[in-house]
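The values are calculated or read from the model by the stated rules, or taken from the named source; none is laboratory data. Not measured: the values here are computed from a predicted model. Because the Cβ atoms are built from the backbone with ideal geometry, glycine has one as well, and the counts that use them run over all protein chains shown. Protein only, heavy atoms only, side chains kept; ligands, DNA and RNA dropped before computing areas. Shrake-Rupley method; radii C 1.70, N 1.55, O 1.52, S 1.80 Å.
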Amino acid sequence: MKKVVKFGGSSLASADQFRKVGKIIREDESRRYVVPSAPGKRFSSDTKVTDMLYQCYEAAAGEKAYKPMLEKIQARYDEIIQGLGLNLSLKDEFDKISEMFTNKAGSEYAASRGEYLNGIVMANYLGFEFVDAATVIFFNEDGSLNGEKTNEMLRERLKATEYAVIPGFYGALEDGTVKTFSRGGSDITGSLVAKAITADLYENWTDVPGFLVADPRIINNPEVIETITYRELRELSYMGASVLHEDAIFPVRKEGIPINIRNTNAPEQKGTMIVESTCRSPKFTITGIAGKKGFASINIDKAMMNSEIGFGRKVLGVFEDNGISFEHMPSGIDTMTIFVHQAEFVDKEQQVIAGIHRAVQPDVVELESDLALVAVVGRGMRATRGTAGRIFSALAHARVNVKMIDQGSSELNIIVGVKNADFETAIRAIYDIFVTAQL
Ligand code: ADP
Ligand code: ASP
Ligand code: MG
């Protein structure tokens, strides 16, 4: 058995957290490849080391005093090193980083040092070999991942080591320039390592008991999802359930390697299994609920629009010409509504309205802002009649006005549009009817 274990920032925020992680790894000798994040928050008002590094580099790039900030970052690592009683000094590393900052090495280089340094500490603590991610994870010039080269280099390099620490979040361009994934990207590193070594399991350790039916910041103590498919997870992550980076499933998905989300603070719990496909029926009709605020809708009215050939294409062409992607497009006989991200749309709204008038001569174009989308996701919904009805009656009871409904043809999800102000109420109402009422 070979397992890859990735630990998130809060799992590695202090010496105490490191000790929990060390115990987890030593308990199971198949936990051979460790992917650490940078130290995260120790308490809720704390700052993640990654954020400190971005700020520090911004000062350096703006030729402002950055050393005090860098010293604070060094203090975070020293606290961990001392707390663990390690015989390790990062002084030379910090001298090098300081020099690179003066030479304007870039904010991605800066941010990557969080994981790089934590990898060095972790390798020293565990007695595992340290493998710098810049030597095994490669990006193309256009910033996309070079998946083939990465897979080959990782496989070759890790063949030679039975136990290794590979820091998350970054890799390098062909010329050695350090580059990072988007925020939360250590999850992707873990997935790439799992694929390269054909792991039996990719364990992703974090600060919650697993993938939860709903966001714990909205629902108090939500139920844990025992098993979820990659497809369901993708829908939920895309809609804001940010437990796992949304790109992290692709490398392992093709290899059929399951992901197990686990809680560093409660390792005795089984967490959530993320799998390609399963016969296990979900505990509830729905698997999960997620959502996002900050959408705007453009409602277009024109009598008989649905018999006008090319109407939809012309309308969407206006969005394309303005570089705006659309999220949903429910339509009726004489109406069509387009949901877009408000932040992407506001600066261009008048161009878009003018463009629509020119393209299709509508009767009316109306805008509505401050909308939220809520996605109810579940493989079990396909086999159950009345799911949509239950969602809408729950929302009606909670006095939430539904602005839009969209059901994917896969019947895996139902998406409803509501006002931003109703967002939390809507999620609570749906959670209560499908989960609380079934317990
Ligand atoms: P890590 O630092 O370990 O990578 P993240 O902060 O990236 O952890 O992801 C875990 C966080 O995701 C949780 O602390 C929780 O606040 C948030 N979260 C949002 N939606 C969900 C959900 N449906 N299930 C579990 N956690 C969720
Ligand atoms: N440390 C990085 C971040 O905060 C990457 C990660 O944690 O996955 O985004
Ligand atoms: Mg994360």
Open item on the list: Quick check: the angle from helix 147-159's long axis to the longest principal axis of the chain, C-alpha only, nearest 10 degrees?
Closed with: 30
TODO: Please report, in whole Å, how far the alpha carbons of the stretch 256-399 spread along each principal axis, starting with the longest.
DONE: 62, 35, 33
Task: Relative contact order (%) - criterion: Cα under 8 Å, at least six apart; region: the stretch 6-136 - done: 28
Task: Two-site label geometry, Q350 and E129: point separation in nm, points 7 Å out along Cα→Cβ - done: 6.3
TODO: List, largest first, the extents of the alpha carbons of the stretch 165-215 along their principal axes, each in whole Å.
DONE: 43, 26, 16
TODO: Identify, among I225, A199, S277, the residue whose Cα sits farthest towards the positive end of the charge dipole of the stretch 153-286, taking +1 on the Cβ of Lys and Arg and -1 on the Cβ of Asp and Glu, with the dipole about the Cα centre.
DONE: S277
Task: Exposed-site-free run, longest, the chain (rule: GluC sites (Glu not before Pro); DSSP loop; at most 10 other C-beta within 10 Å) - done: 269-439
Task: 222 nm mean residue ellipticity, helices alone, for the chain (DSSP H n ≥ 4; -39,500 (n - 2.57); rounded to 500) - done: -11500 deg cm²/dmol
TODO: Using only alpha carbon pairs under 8 Å that are at least six residues apart, calculate the relative contact order of the chain and give it in whole percent.
DONE: 13
- [ ] Compute the FRET efficiency between H397 and K104 as 1/(1 + (r/R0)^6), taking r as their Cβ-Cβ distance and R0 = 45 Å, and round to the nearest 0.05.
- [x] 0.20
TODO: Would you list the P(r) distribution for the stretch 168-297, with all Cα-Cα distances sorted into 5 Å bins from 0 and each bin expressed as a whole %?
DONE: 2, 10, 18, 22, 20, 13, 7, 4, 2, 0, 0
TODO: Please quote Rg/Rh for the stretch 319-439 to two decimal places, taking the Kirkwood radius as Rh and restricting both calculations to Cα atoms.
DONE: 1.03
Task: 0 to 90° range, to nearest 10: angle between helix 107-126 axis and the chain longest Cα axis - done: 50
Open item on the list: Keeping every protein chain present and rolling a 1.4 Å probe, give me the accessible area per residue for the chain in Å².
Closed with: 45
Open item on the list: I want the local charge near I261. Using Cβ-Cβ distances under 12 Å, sum +1 for each Lys or Arg and -1 for each Asp or Glu among the other residues.
Closed with: -1
Task: Where the Cα pairs of the stretch 20-160 fall when distances are cut into 5 Å bins, in % - done: 2, 8, 16, 19, 19, 16, 12, 6, 1, 0
Task: J(HN,Hα) series, the stretch 251-262, from Karplus relation 6.51 cos²θ - 1.76 cosθ + 1.60, nearest Hz, glycine and proline x - done: x, 7, 4, 5, 9, x, 8, x, 10, 10, 7, 10
Task: Residue of M273, M122, M52 that the Gaussian network model of the chain assigns the largest fluctuation, springs spanning Cα pairs under 10 Å - done: M52
Task: Contact order relative to length of the stretch 118-185, as percent, for alpha carbon pairs under 8 angstrom and 6 or more apart - done: 37
Task: Overall form of the stretch 96-215 per C-alpha gyration tensor (a/c, 1.5; a/b vs b/c) - done: rounded
TODO: With springs only between Cα atoms under 10 Å apart, run a GNM on the chain and tell me which of F345, F181, F139 wobbles the most.
DONE: F345
TODO: Enter the mean projected area of the convex hull around the alpha-carbon atoms of the chain, in nm², rounded to one decimal.
DONE: 23.7
TODO: Would you list which aspartates and glutamates come within 20 Å of K149, measuring only between C-alpha atoms, while excluding same-chain residues fewer than 8 positions from it?
DONE: D132, E141, E174, D175, D187, D247, E255
- [ ] Hey, for a label at A437 modelled as a point 7 Å past Cα toward Cβ, could you say which residues of the stretch 400-417 have their backbone N under 20 Å away?
- [x] 400-403, 405-406, 413-417
Task: Of all accessible heavy-atom area on the chain, the percent that carbon and sulfur account for (1.4 Å) - done: 47
Open item on the list: Pick from F311, F211, F138 the residue whose mean-square fluctuation is largest in a GNM of the chain, springs joining Cα atoms under 10 Å.
Closed with: F311
Task: trypsin sites (Lys or Arg not before Pro) within the stretch 341-422, DSSP loop, no more than 15 other Cβ atoms inside 10 Å - done: R382, R385, R399
Open item on the list: Output the 0 to 90 degree angle, nearest 10, between the alpha-carbon long axis of helix 91-102 and the longest principal axis computed from the alpha carbons of the chain.
Closed with: 50
TODO: Can you pull a Stokes-Einstein diffusion coefficient for the stretch 89-130 at 37 °C (0.692 mPa s), Rh from Kirkwood over Cα pairs, as a whole number of µm²/s?
DONE: 298
